[in-house]
Amino acid sequence: MNFKFLMLPVLALAISGSSLAQTKSVINNKTLNEIRNSFNNDASTKAITNAITNSKSIRDLALNHSKIGATDHFFKYKVDVKGITDQKSSGRCWMFTSMNTIRPNVIKDLNLSSFDFSHNYSYFWDIFEKSNLFLDNIIATADKDITDREVVRYLSSPVDDGGVWNSFFNIAKKYGVVPANVMPETTISNNTGQLNRIVNEKLRGEAYKIRQLAAKKGNTKEVEAAKIETLKDVYRILALSLGQPPVNFTWRYKDADDKISETKTYTPLEFLNLVAPEFAKDQMVMIMNDPTREYYKVYEIQNYRNVAEGINWTYLNLPNDVIKTFALASIKNNQAMYASCDVGKQLNREDGIMDINTYDYESLFGVKFDMDKKARILTRQSGSSHAMTLIGVDVDENEIPVKWEFENSWGATAGHNGYLTFTDEWFSEYMFRVVINKKYLNEKAIKALKSKPIQLPVWDYMF
């Protein structure tokens, strides 16, 4: 009796304290009737229901007819580019885009009709280096529980083929680059999912063993030896699937005038310095529009890199209008830029057009969709999903941008002959990052770049 007497008030308090939440979570008959009655099944509603339930694509029904043909593909300012690349079924857009910012200069400087880098070569070293960094992270967190948030983050995706501009920068600075014909694509590099899964299974299995080894004090040499043996296995898997990357190679080319160059031998780093001498000067900076954080501040995502000794994902946060001014200056000077955005939002794939009102879901369903960019980011409704090369801009009579152009890496049949056109309004809502030469930044941005980066965790909502 005493036990019940003591416990009842406590239970009553607990129920009372949570009753509001419990009441709100229950849909009773009164509430359900109110919701049912809000659905006015008139003739117009019946017609819309018939259309939606019998359609293979809600997206097609929402296509805004007034926007078809409203945006052309002409640009006052455009970087001189040639050829469209195709990343096939892989997540290497960041790699293709980074190389596409360099490729036009190679074509121009060597007087070529076309040229491309080996993405397979860079992909090999990217996965290999990511494997090494993953194992380092596992060793460094061996004293934490396997359910720890940081450990879970590492184990959830040991390696993948995604990345950002600093990923290419790290790989190129360490391993250089090679022409496409020196290490051609394989069936596996064009469809990376299966290889990534195999490597991840190997890494997770060895990580589990290494954690147990590392947890025992005094086993440093054993842990390091286990790591090296794992990397040997990863290298073997990659080499069998992608081919072994060259230490040096011989190369010659035929230029646009049909003249054949002399044959020379290069290391991949020597070739990088030949075709992209500006790359070594570290003049590029990532600028980003993130309305959830303070502008004119530098942010760094902890441990977001692919090479252990490389640079993390670091960016200067700026307002959209400032970013557009810098991007316009770069395009006018014939310099393409790495850029990334939420490409799936409001994209008309057939016409290669992105506008904030390409698809009118509000009119189709008769409900409001009114989140701004900040709300979309914080609720995970929007985030950067794809990297492309920013190469064109069209302006009005006052030199104010009205639309922009991407060079994509989905092949020449995607979009408008491989390119995507997007309105300036779309830029404001769905563009996130641009990598640009520091010389196009103003004094205020340059000053902000010198500030100490604010550290963000690897599980941050933006990334």
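Quick notes on this structure:
- The residue that is nearest to Ile228 (Cα to Cα), among those in the stretch 157-189 that are of a type in the set (A, V, I, L, M) and not in a helix (DSSP H, G or I), is Val159.
- Residue in the stretch 417-430 that is touching a Phe, Trp or Tyr at 6+ places or on another chain (Cβ under 9 Å), in the same structural domain as Asn320 (by TED's automatic domain parsing) and among the aliphatic types (A, V, I, L, M) present: yes
- Under the condition of being surrounded by fewer than 16 Cβ atoms within 10 Å (Cβ to Cβ) and either assigned by TED's automatic domain parsing to the domain that holds Asn398 or touching a strand residue (DSSP E or B) at 6+ places or on another chain (Cβ under 7 Å) (or both), the residues counted in the stretch 68-90 number 3.
- Residue in the stretch 237-244 that is touching a residue at least 24 places away in the same chain (Cβ under 8 Å), in the same structural domain as Pro158 (by TED's automatic domain parsing) and under 19 Å from Asp116 (Cα atoms) present: yes
- Residues of the stretch 355-376 that turn out to be among the hydrophobic types (A, V, I, L, M, F, W, C) and in contact with a strand residue (DSSP E or B) (Cβ under 9 Å, 6 or more places away or on another chain), as a count: 1
- For the stretch 94-126, the tally of residues that are surrounded by fewer than 23 Cβ atoms within 10 Å (Cβ to Cβ) and either of a type in the set (Val, Ile, Thr) or assigned by TED's automatic domain parsing to the domain that holds Tyr338 (or both) stands at 3.
- Looking only at the stretch 389-441, and only at residues there that are in a loop (DSSP other than H, G, I, E, B) and crowded, with 20+ Cβ neighbours inside 10 Å, the one that is farthest from the chain's Cα centre (by Cα): Leu441
- Restricting Asp342, Asp290 to those that are in contact with a Phe, Trp or Tyr (Cβ under 6 Å, 6 or more places away or on another chain), assigned by TED's automatic domain parsing to the domain that holds Ile391 and either acidic (Asp, Glu) or farther than 19 Å from Val435 by Cα (or both) reduces the list to Asp342.
- Where Ile35 falls short, out of the listed (1) outside any helix (DSSP H, G or I); (2) more than 30 Å from Thr192 (Cβ to Cβ): (1)
- Hits in the stretch 32-45 - residues which are farther than 13 Å from Gly366 by Cβ and within 43 Å of the chain's Cα centre (by Cα): Leu32, Ile35, Arg36
- For Thr265, the conditions (1) of a type in the set (Ser, Thr, Tyr); (2) in a strand (DSSP E or B); (3) within 27 Å of the chain's Cα centre (by Cα) are fulfilled apart from (3).
- Subset tally (residues that are loosely packed, with under 10 Cβ neighbours inside 10 Å and among the polar types (S, T, N, Q)) for the stretch 28-67: 10
- Listed by first and then second residue, the pairs with beta-carbon distance under 8 Å, at least 6 apart or on different chains, first residue in the stretch 135-158 and crowded, with 18+ Cβ neighbours inside 10 Å, second of a type outside the set (Val, Ile, Thr) and in a loop (DSSP other than H, G, I, E, B), are Asn137/Asn303; Thr141/Asp148; Val151/Lys144; Val151/Asp145.
- Residue within the stretch 190-208 that is assigned by TED's automatic domain parsing to the domain that holds Ser118, in a loop (DSSP other than H, G, I, E, B), modelled with pLDDT of 95 or more and under 21 Å from the mean Cα position of the chain (by Cα) present: yes
- For first residues located in the stretch 375-395 and at negative phi, partners that are surrounded by fewer than 20 Cβ atoms within 10 Å (Cβ to Cβ) and basic (Lys, Arg) and lie 6+ apart or on another chain with Cβ distances below 8 Å form the pairs Ser382/Lys345; Ser382/Arg376; Ile391/Lys78; Gly392/Lys78; Val393/Lys76; Val393/Lys78; Asp394/Lys76; Val395/Lys76.
The values are calculated or read from the model by the stated rules, or taken from the named source; none is laboratory data. Being a predicted model, the structure only gives us computed values, none of them experimental. Cβ: placed from backbone, ideal geometry, glycine included. Neighbour counts: every protein chain shown.
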